[in-house]
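> Pasting a structure here, questions to come.
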C-alpha cells in the first residue's frame, strides 16, 4: 500500500485560561457541544481536536489555576475562533466555566509523542495492528508502546480505546501525527498527540 498523499493544513493549539468548577470525567461530550454552540465553524474542520483537560480533585471543586482548555485547529481559523470564545461563559454538566483570552501556540516536533486515548473497540493485539496499518498509510515510521485500556463515557455515549506512545519519530512524521491525529473522536480528545516530555509515564493519564 502506498502512503497516503493529501494536503495537511498547518495546525496550532489555541489555548484558553479556564476558571470555574471542575466537571466530571464525562465532561468532553458536554464541553464540545458548548464550543460548537459558540463557534460552529469548528464542526466544518476535519482535523479539529480538543486536548484532555488536566483535572485534579472531585467534580464541583474549583479548577486548578494551571488548567487550560486547548483546541487543536487549522491556523487559518484560529484568530476567528479565539474571537468567538474569548471571555465566554460556558455551562458544562451544570457547572459554570469561564474562558480567558485565546492564545495561539505553535506545535513543535518531538521524537516521542503520546495520546492519552486513541479510540478503538478492538482488543490490544488488533488495536496495535490497526495503528501500524494507519502509520504505514501515512508514510510514518515509529515505534509503538500501547498503554492502558481507557473508557470515556457519559449517560448517552461510550468510547473505548488505549493510551499510546509513539517514539523514534523524525520531525516531519511527528508534526504529521500531531496535525492529523489517529482514529475517531478527536473532538472529545481521542487520538490527539502531545509531547511525551510533559507527562511522567503511561500510568499518569
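> Sort out for me the Cα centre separation of region 135-189 from region 22-91, rounded to whole Å.
Region 135-189 and region 22-91 have Cα centres separated by 19 Å.
> Over all Cα pairs of region 113-204, how is the pair count split among 10 Å bins, expressed in % and running from 0 up to the last occupied bin?
Over region 113-204, the share of Cα pairs per 10 Å bin runs 17, 54, 26, 3, 0 percent.
> Determine by what factor the alpha-carbon radius of gyration of region 11-106 differs from 2.2 N^0.38 Å, reporting the quotient.
Working: Rg = 12.5 Å, N = 96, 2.2 N^0.38 = 12.5 Å.
Normalised Rg, Cα atoms only: 1.00.
> OK, next. Could you grab the relative contact order for the chain? Cα pairs under 8 Å, six or more apart, rounded to a whole percent. Walk me through the numbers on the way to the answer.
Details: 416 pairs, mean separation 57.0, N = 205.
It comes to 28 percent, rounded to a whole number.
> Also, I was wondering about something else. Determine the gain in length on full extension of the stretch residue 91-residue 62; use 0.36 nm per residue of separation and subtract their C-alpha separation, reporting nm with one decimal.
Values: separation 29, 0.36 × 29 = 10.44 nm, distance 1.43 nm.
Contour length minus Cα-Cα distance gives 9.0 nm.
> Here is a follow-up. Take each of the peptides 128-139, 73-84, 178-189, average the number of other beta-carbon atoms within 10 Å over its residues, and list them starting from the highest. Let's see the in-between values first.
Values: 128-139: 15.1, 73-84: 16.9, 178-189: 21.0.
Ranked from most to least packed, the peptides come out as 178-189, 73-84, 128-139.
> Pick from 28, 116, 40 the residue whose mean-square fluctuation is largest in a GNM of the chain, springs joining Cα atoms under 10 Å.
Maximum fluctuation in the GNM of the chain, among the listed residues, is at 40.
> As I understand it, the value is the acute angle between the Cα axis of helix 171-180 and the longest principal axis of the Cα atoms of the chain; what does it come to in degrees, rounded to 10?
So the helix axis and the longest Cα principal axis differ by about 50 degrees.
> Separate question: Sort 104-110, 146-152 for me by packing, meaning the mean count of neighbouring Cβ atoms within 10 Å per residue, highest on top. Kindly include the intermediate steps, with their values, before the conclusion.
Details: 104-110: 14.1, 146-152: 16.4.
Those peptides, ordered most packed to least, come out 146-152, 104-110.
> Taking the chain on its own, what percent of its Cα-Cα pair distances exceed 26 Å?
Distances greater than 26 Å cover 32 percent of the Cα pairs.
> Given an 8 Å cut-off on Cα distances and at least 6 residues of separation, report the relative contact order of region 11-106 as a percent.
Relative contact order here is 48 percent.
> Moving to a separate point now. Could you check the spin-label model distance between residue 154 and residue 125? Points 7 Å from the Cα along Cα→Cβ, value in nm.
Calculated label separation equals 3.6 nm.
> Label-point separation (nm) for residue 79 and residue 108, each offset 7 Å from Cα along Cα-to-Cβ?
Result: 2.5 nm between the two label points.
Read-outs throughout are calculated quantities, based only on the coordinates presented, and are distinct from any laboratory measurement. Quantities reported herein were computed from a predicted structural model and do not represent experimental measurements. We place every Cβ from the backbone using ideal geometry, glycine too, and count neighbours over all the protein chains shown.
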